[in-house]
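Undergrad: Attaching a single structure in C-alpha cells format; questions to follow.
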Amino acid sequence: MRMARRFAWAFTLVPAMAWAQGVGEIRVLDDFESTTPWQVVTSDQVSGKLRTVAGADGQAVCLDYDFNGVSGYAGLQRELPIEYPGNYAFSFKLRGDSPANDLQFKVVDDSGDNVWWVNKPRYDFPKTWTPVVYKQRHISRAWGPAPDPTLRHSRKIEFTIYNSVGGKGSVCFDQLAFRALPPQDDSPLVGKASATSENRDGPARGAIDDVAATAWRTRLDPAKPPRFTLDLQKPREFGGLVLDWLADEQASDYRIELSDDGATWRAVREVRGSDGGRDHVALPESEARFVRLTPLKAPDGRIALARIQVMPLAFAATPNDFVRSVAKDAPRGQWPRGFSGEQPYWTILGLDGGIEQGLIGEDGAVEVGKGAFSIEPFVVSDGKLVTWADAKTTQSLQDGYLPIPSVHWQHAGFTLDVTAFAHGERDDSHITARYVLRNTTDRPRRYVFALAARPMQVNPPTQFLSTVGGVSEIRSIRAAADSITVKGRFPVRASRSDAAFATRFDEGEAVQRLARADWASFCADGCARKTFGAIADQVDDDTGLASGALLYSVELAPGQSREFDWSVRLTGRDASAPKAIDAAKAQDATAALWRSKLDRVQLHVPPQGQHVVDTLRTALAHMLISRIGPRLQPGTRSYSRAWIRDGAMIGEGLLRM
C-alpha cells in the first residue's frame, strides 16, 4: 500500500472537519454564478478574459489567460469589504487546465497599497473541482507601507496567475466562502497511548513518557501486525511526527493513519526502508484526534519505539520548514547553512545574454539551473566525514574580477578548491564544475571524495519573490558511475566514480548515510556499496527529498592532488548527458572570452584602488549575465524581471563600460 494521498504542501486536500468545526456561520462571499462583479487585471501585453461554465454547484467563473511570451500576471478582482475576526478561513473550489504558474490569492485594503496574500509557486492545478482552504495563518503580508502588518479589514479580493513557466491556460473558481474560527490551539500535543500488542517490559506508554530508557516493545507478526494508537483527547491540528527507535529495533516499514472518531481511519503516510534512529515524518496541515502507527516490517522481527512526538503545524508548514526541522536535529554542516538560520552568500554562473543561469554558494554547492537541485562536495578524511562546517572556507574570482568563482576549503588534512563556470552558446550552454583535492600533510593519506546531489537550491529558503528558494524536489534520481540523472532535469556527466548510490528520504538522506558509513571498509573489497546498506542506483520518492552521491577513493602522497569535474546542460534541445570535455581548457577559453568583454575600457589606479576597478568589472559581468537577450533585469531569481529604474541604471553602466 502506498500513501493515500500525494505527499505535498498544497493546502488543497483538507479533511471535512477542518472547515466544518467553525464557530461562525459560513458566509458565501461569491457563488460565481456570474462574471459581473469581477474585473480582469493584467500586466502589459498579457491577455485575459472571463467566462462562465458549469461549476461544482451551479455556475463557475473561468479566467482564460495568455502571457504572450512575456512575464507578468493575469487575474480577476472585485470589491468585497471584509472585517476580520481573530481567526478565520477562506474556502473556494478550484480546477484548471494550466501550466504550473504561480497561484496567488490576495486581499487589498482601502488604500490599495497594502496587500496580504497566499502565494503558491508553480502550482499543480487540479483537473477536477478541488476544495481549497486558506486559514488565517496561511495569509501573510505581501507588501505595503502600513506600520501594522495585521489584516483587520480589506476592500478588494483577487485571484492572480503569475508567470512562472509562462504559456496560456484556464483556471476556474467556484463557491468562495468565509468563516470565523475558534482561536488556534497551541497547547502541547500530548495524549494517551495504547497498543494491540506490547511486551511486559515495554508498554505503549513507554513511547510517550519522555524517559529515554523506556519504549513500546513488541514482536512483529506480519500476518497480524501490532498497532500503536495515540489519542490526543480532542481534534488537533499538527504538522508531523518525530519517532525515535532504539538501536537496531526500528520498524523499517510502517503505516500512519489518522482518525476523527477512532473508528474510521484514513492512511496518510507509509514509510519504507527506515534506517532507524530518528525518523522525521511530515504530515502538513493534518487534523485529527487519533494517530495510529502500524509497523509492517522489522529487520529482527522486534521493535522498540522509545518516543513518538506529535509536532506542531510549523514543523512542516512548507517543504522548507520541514527541512529546517530536520536540520535542527543534525550536526551543523550536514545541511546547507540557510536551513540553520545562517545567512548564506552566493554568486551567479551564466553567459552574456544567456537564458538560464546557475549559482554557486559560499561553501561550494552548485545549483545546476534556476530552481534546480544542487551538487555539494564532501570529503572523508581519517575515516570521518568533513563538511563545510569543519573547514575554513574562502572565496575568490579568477583574476580577481572574472565571473569564474572558486570556493576554497582549508582543513588540517587537505585543501579542496571548487571552481564553476558557464560556457557555450545561448541555446546550447553548460555549467562545468572542477574540484582539486590536495594532500597538505607530510604523509601519504587516503581520502574519499563525495559529490552529493541534493534536493535543495543554492538560492536559500529565505528568498520568496518570483522564485522561492530552498527545497527543489527530487522525486526520481539515478546515480551511475559517471552520471547523475534527476527526472525533469538535464543529466549530469561526471568524472567516473568508484561507487554511486541513490536513496529515498525514508532510508536516510545521502549525507546522513555518508556521515555514519564504515569508511574503514570502503573500497577494501572492490568499492562495494554495502558500506551504505541496502540502497539502489535508482529510486523514486514521493516525499520529493530523494538524493544520491558519487564516491571517489583517493590515495595521495604529500603535496599530491587529484582533480574531478562534472558538466550539465543549462540550455539545449539535446536531453542526453554532455560529452566529456577538457575542463581546464574550457575554463581557459571562458576566461579569455570574458576578458575580451570586460577589459575594453582600461582604468589605471594605484594598487590600493584595484579592488574598486575589479568590483566594477565584476558588476558589469553580472549585468551581462542577468540580462535575458535585450531585456535588462537586476537579477535571475527573486528579481528576474525588468523595471524601468533598474534598466536605466544598468543601461547607463553598459554604455559607460
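Undergrad: Of SER274, TYR254, VAL242, which is farthest towards the positive pole of segment 240-301's charge dipole, taken about the Cα centre with +1 and -1 on the beta-carbons of Lys, Arg and Asp, Glu respectively?
TA: TYR254
Undergrad: ILE477: net charge of surrounding residues, Cβ under 11 Å, Lys/Arg +1, Asp/Glu -1, itself excluded?
TA: +2
Undergrad: Would you mind pulling out the separation of the Cα centroids of segment 321-339 and segment 52-81, in Å?
TA: Rounded to whole Å, the Cα centres lie 39 Å apart.
Undergrad: Pick out, from GLY55, ILE484, VAL41, the residue whose Cα sits farthest towards the positive end of the charge dipole of the chain, with +1 on the Cβ of Lys and Arg and -1 on the Cβ of Asp and Glu.
TA: Positive-end residue among those listed: ILE484.
Undergrad: Is the shape of segment 417-555 best called rounded, prolate or oblate, per the rule: a/c under 1.5 gives rounded, else a/b larger than b/c gives prolate, else oblate, with a ≥ b ≥ c the square roots of the Cα gyration tensor eigenvalues?
TA: Since a/c reaches 1.5 but b/c is at least a/b, the shape of segment 417-555 is classed as oblate.
Undergrad: Setting aside same-chain residues fewer than 8 positions from LYS370, which aspartates and glutamates have a Cα under 14 Å from its Cα?
TA: Candidates past the 8-residue exclusion: GLU356, GLU473.
Undergrad: I've got another one for you. Put +1 on the Cβ of each Lys and Arg and -1 on the Cβ of each Asp and Glu in segment 120-208; which of VAL133, PRO203, SER154 then has its Cα farthest toward the positive end of the dipole?
TA: SER154
Undergrad: Report, in whole Å, the centroid distance computed from the Cα atoms of segment 195-263 and segment 567-629.
TA: Between the Cα centres of segment 195-263 and segment 567-629 lies a distance of 57 Å.
Undergrad: Taking the Cα centre of segment 385-429 as origin, work out the dipole magnitude from +1 charges on Lys and Arg Cβ and -1 charges on Asp and Glu Cβ, in debye rounded to 20.
TA: Here the size comes out at about 260 debye.
Undergrad: Report the charge-dipole magnitude of the chain in Debye, nearest 20, computed about the Cα centre from +1 at each Lys and Arg Cβ and -1 at each Asp and Glu Cβ.
TA: Here the size comes out at about 460 debye.
Undergrad: In debye, nearest 20, what is the charge dipole magnitude of segment 228-278 about its Cα centre with +1 on Lys and Arg Cβ and -1 on Asp and Glu Cβ, if you could check? Before the final figure, lay out the partial values.
TA: Values: 7 positive and 11 negative charges, 39 e Å.
The calculated dipole for segment 228-278 is roughly 180 debye.
Undergrad: Could you tell me which label, among (1) 1.27; (2) 0.99; (3) 1.24, carries the value of Rg/Rh (Cα atoms, Kirkwood Rh) calculated for this structure?
TA: Computed from the coordinates, Rg/Rh (Cα atoms, Kirkwood Rh) corresponds to (2).
Undergrad: Something else: Under 20 Å from the Cα of LYS93, which lysines turn up, not counting those fewer than eight places away in the same chain?
TA: Reachable lysines: LYS49, LYS106, LYS120, LYS127, LYS135, LYS156.
Undergrad: Right, next: At 222 nm, what value in deg cm²/dmol follows for the chain if DSSP H runs of at least 4 each add -39500 (n - 2.57) and the sum is divided by all its residues, to the nearest 500?
TA: The per-residue figure over the chain is -3000 deg cm²/dmol.
Undergrad: Applying 1/(1 + (r/R0)^6) with R0 = 41 Å to the Cβ-Cβ distance of ASP209 and ILE26, what FRET efficiency is obtained, to the nearest 0.05? Display every interim value, and only then the final one.
TA: Details: r = 42 Å, r/R0 = 1.01.
E between ASP209 and ILE26, to the nearest 0.05, is 0.50.
Undergrad: For labels at HIS611 and TRP129 in the simple 7 Å Cα→Cβ model, what's the distance in nm?
TA: Distance between the two pseudo-spin positions: 6.5 nm.
Here, each number is a calculation from the coordinates, and none is a lab measurement. Everything numeric here is computed off the predicted structure, so don't read it as measured data. Counting neighbours? That spans all protein chains shown, and the Cβs are built from the backbone with ideal geometry, glycine included.
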